[in-house]
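**Student:** If you scroll down you'll find the structure; I have some questions about it.
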Amino acid sequence: MPESTRLHETARFAPPVDEERLYRVVDGLDEVAAETGKTIPQIALNWLLQRPMVSTVLIGARNEEQLRQNLGAVGWSLSAEQVAMLDAASAVTPPYPYYPYWNGQFSERNPAPVPVRPGTREHG
Amino acid sequence: MEYRFLGASGFKVPVLGFGTGTFGGKGPLFSAWGNTDVDEAKRLVDICLDAGANLFDTADVYSDGASEIILGAAIKGRRDDVILSTKITLRAGQGPNDVGASRHHLIRATDKALKRLGTDYIDLLRLHHFDAMTPVESVMSTLDDLVRAGKVRYIGVSNFSGWQLMKSLVVSDRYGYARYVANQVYYSLIGRDYEWELMPLGLDQGVGAVVWSPLG
């Protein structure tokens, strides 16, 4: 972790992240970065902008360079394949009562707002 | 810049907004986020406005009010070009009533935010968290008064669970009060919990997501 990161002081404000999952997501982001030439923050923001119900995504910046880079998250779109790959890399199994909806048991009457992978567990 | 509806409000916001938790830098948490001063804040606001990212989000507790003061100074003279969004209800003072969503604190905290921001209206006011000790009827009635008084245009929440948000919406509907149209949530590739309950709720009820900490 770089010295300048704010994470040392602020990590406790967001839920903890399983390390294995973190590595899967970072690997996925690296792969998409190589394909698109975009930076990892730009890809992570662009993924969010393709999710249902997202009106606005708040970007932060401690300097002009960070801000300009984050603003470069719009004006282009990840491909459907890239989104699906990041979906799979970041997927987790939700707790009950979400679990049976997530794994497709009730999907005839409850279509999921985002793609789910019926019958799969933690790993993609 | 792309603009999208903020939930079921008819009001459009840019898909990228600027979070000003880095403005001010007072205290151990906020100094870790950043310590942007007014001159730098003006430059950052310029860059955002050039790109069409005209929504600026702050909170009364960010650097103990300094974030709102710096943002207010940075947008001075261009209030009509920006969408201002702030949050109240976290403890903001030592007094027994300097916290929560009581009528007393909601009105006072809104008036203080208006003064710090140097404006006479807030585009989007959000509760920073649920207050289980104030009746929801009182909360929604007060927020409705703030909207009718012209101090606030749209209302929303942050960090609510599904039942807390749904109960609030039902109270608004029962009495004809202003309705929450925005839910400020943590959502990222490494934190997709929003999708399980709050996203389907947002789709059903017309409550749009304002995403915080999008990079995890």
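The values are calculated or read from the model by the stated rules, or taken from the named source; none is laboratory data. Computed from a predicted structure; not experimentally measured. Heads up, the Cβs are rebuilt from the backbone with ideal geometry, glycines too, and the neighbour counts pull from every protein chain shown. With ligands, DNA and RNA removed, areas are computed over all heavy atoms of the protein, side chains included. Shrake-Rupley method; radii C 1.70, N 1.55, O 1.52, S 1.80 Å.
**Student:** What is the Cα centroid distance between the range A:79-102 and the range B:90-134, reported in whole angstrom?
**Tutor:** 37
**Student:** Distance cut-off 30 Å, Cα to Cα: go down the list B:Lys26/B:Lys167; B:Lys42/B:Lys167; B:Lys12/B:Lys42; A:Lys38/B:Lys115; A:Lys38/B:Lys26 and report the pairs above it.
**Tutor:** From B:Lys26/B:Lys167; B:Lys42/B:Lys167; B:Lys12/B:Lys42; A:Lys38/B:Lys115; A:Lys38/B:Lys26, over 30 Å: B:Lys26/B:Lys167; B:Lys42/B:Lys167; A:Lys38/B:Lys115; A:Lys38/B:Lys26.
**Student:** Å³ per residue of the Cα convex hull, for the range B:9-93?
**Tutor:** Numbers: hull volume 8.5 nm³, N = 85.
Residue-normalised Cα hull volume stands at 100 Å³.
**Student:** Only loop residues by DSSP count here, and only those with at most 15 other Cβ atoms within 10 Å; note down the trypsin sites (Lys or Arg not before Pro) in the range B:91-173 that meet that.
**Tutor:** B:Arg91
**Student:** Using a probe of 1.4 angstrom, how much of the accessible area of the range B:15-99 is carbon and sulfur, in percent? If you can, show how the numbers build up before the last one.
**Tutor:** Values: 1580 of 3180 Å².
Here it works out to 50 percent.
**Student:** If you take the charge dipole of the protein assembly as shown about its Cα centre, with +1 on Lys and Arg Cβ and -1 on Asp and Glu Cβ, which of B:Val211, A:Leu86, A:Gly72 is farthest toward its positive end?
**Tutor:** B:Val211
**Student:** Just to make sure I understand: if all protein chains stay in place, what is the order of B:Lys26, B:Lys76, B:Lys87 by accessible area at 1.4 Å, largest first?
**Tutor:** Descending order: B:Lys76, B:Lys26, B:Lys87.
**Student:** Next up: Calculate the spin-label point distance for A:Arg68 paired with B:Arg43, positioning each point 7 Å from the Cα along the beta-carbon direction, and give it in nanometres.
**Tutor:** 1.1
**Student:** Give me a comma-separated list of calculated 3J(HN,Hα) values for the range B:150-162, in order, Karplus coefficients 6.51, -1.76, 1.60 applied at θ = phi - 60°, integers in Hz, x for any Gly or Pro.
**Tutor:** x, 7, 9, 9, 9, 10, x, 10, 8, 6, 8, 7, x
**Student:** What does the helix-only formula give at 222 nm for the protein assembly as shown: each DSSP H stretch with n ≥ 4 adding -39500 (n - 2.57), the total divided by the residues, and the result rounded to the nearest 500 deg cm²/dmol?
**Tutor:** -12000 deg cm²/dmol
**Student:** Under the rule of at least 5 residues apart or a separate chain, name every residue whose amide H is placed under 5 Å from the amide H of B:Ser158.
**Tutor:** B:Leu127, B:His129, B:Gln184
**Student:** Something else: Using 7 Å Cα-to-Cβ label points, what is the B:Lys167/A:Tyr98 separation (nm, one decimal)?
**Tutor:** Inter-label distance under the simple model: 2.0 nm.
**Student:** Can you give me the long-range amide H partners of B:Phe18? Hydrogens built in the peptide plane at 1.01 Å from N, cutoff under 5 Å, separation of 5 or more residues or another chain.
**Tutor:** Close amide H contacts, sequence-distant or interchain: A:Ile59, B:Leu55, B:Phe56, B:Asp57.
**Student:** Taking the Cα centre of the protein assembly as shown as the origin and placing charges on Cβ (Lys, Arg +1; Asp, Glu -1), which of B:Leu189, A:Val57, B:Ser168 is farthest toward the positive end of the dipole?
**Tutor:** Highest projection toward the positive end goes to B:Ser168.
**Student:** Placing +1 at every Lys and Arg Cβ and -1 at every Asp and Glu Cβ, with all other atoms neutral, what dipole size does chain B have around its Cα centre, in debye to the nearest 20?
**Tutor:** 360
**Student:** Please report the accessible area of A:Met85 (heavy atoms, 1.4 Å probe, ligands and nucleic acids excluded) in Å², nearest 10.
**Tutor:** Spelled out: A:Met85, probe radius 1.4 Å, area about 50 Å².
**Student:** Then there's this: Pick from B:Gly156, B:Gly65, B:Gly93: which is most flexible by mean-square fluctuation in a GNM of chain B where alpha carbon atoms under 10 Å apart are linked?
**Tutor:** B:Gly93
**Student:** Could I ask something else about it? Can you give me the pair-distance distribution of the range B:3-212, C-alpha pairs, 10 Å bins, whole percents?
**Tutor:** Whole-percent P(r) values from 0 Å outward: 9, 36, 39, 16, 1.
**Student:** Here is a follow-up. Antiparallel as a % of all DSSP beta bridges within the protein assembly as shown, to the nearest 5? If you can, show how the numbers build up before the last one.
**Tutor:** Values: 4 of 34 bridges.
Taking every DSSP beta bridge with both residues in the protein assembly as shown, the antiparallel ones total about 10 percent.
**Student:** Tell me the label-point distance for the pair A:Val26, B:Asp50, using the 7 Å Cα-to-Cβ offset, in nm and rounded to one decimal.
**Tutor:** Between A:Val26 and B:Asp50, the label points sit 3.3 nm apart.
**Student:** Express as a percent, rounded to the nearest 5, the fraction of DSSP beta bridges in the range B:3-212 (both residues included) that run antiparallel.
**Tutor:** 15
**Student:** Shifting gears a bit: Put +1 on the Cβ of each Lys and Arg and -1 on the Cβ of each Asp and Glu in the range B:3-212; which of B:Gly10, B:Leu49, B:Leu201 then has its Cα farthest toward the positive end of the dipole?
**Tutor:** B:Gly10
**Student:** Based on the Cβ-Cβ distance of B:Asp64 and A:Glu108, what FRET efficiency does E = 1/(1 + (r/R0)^6) give at R0 = 56 Å, to the nearest 0.05?
**Tutor:** Working from the Cβ atoms, E equals 0.60.
**Student:** Next up: Show me the three semi-axes of the equivalent ellipsoid for the range B:136-216, from the C-alpha gyration tensor (sqrt of 5 times each eigenvalue), largest first, rounded to whole Å. Mind showing how you got there, number by number?
**Tutor:** Values: eigenvalues 122, 38, 16 Å².
Here the semi-axes work out to 25, 14, 9 Å.
**Student:** Continuing with this model, one more query. When only alpha-carbon atoms count, how far does the protein assembly as shown stretch along each of its three principal axes, as whole angstroms with the largest first?
**Tutor:** 51, 47, 35
**Student:** OK, next. If R0 is 56 Å, what FRET efficiency do you get for A:Gln50 and B:Tyr175 from their C-beta distance, rounded to 0.05? Walk me through the intermediate numbers first.
**Tutor:** Details: r = 37 Å, r/R0 = 0.66.
E(calc), rounded to 0.05, equals 0.95.
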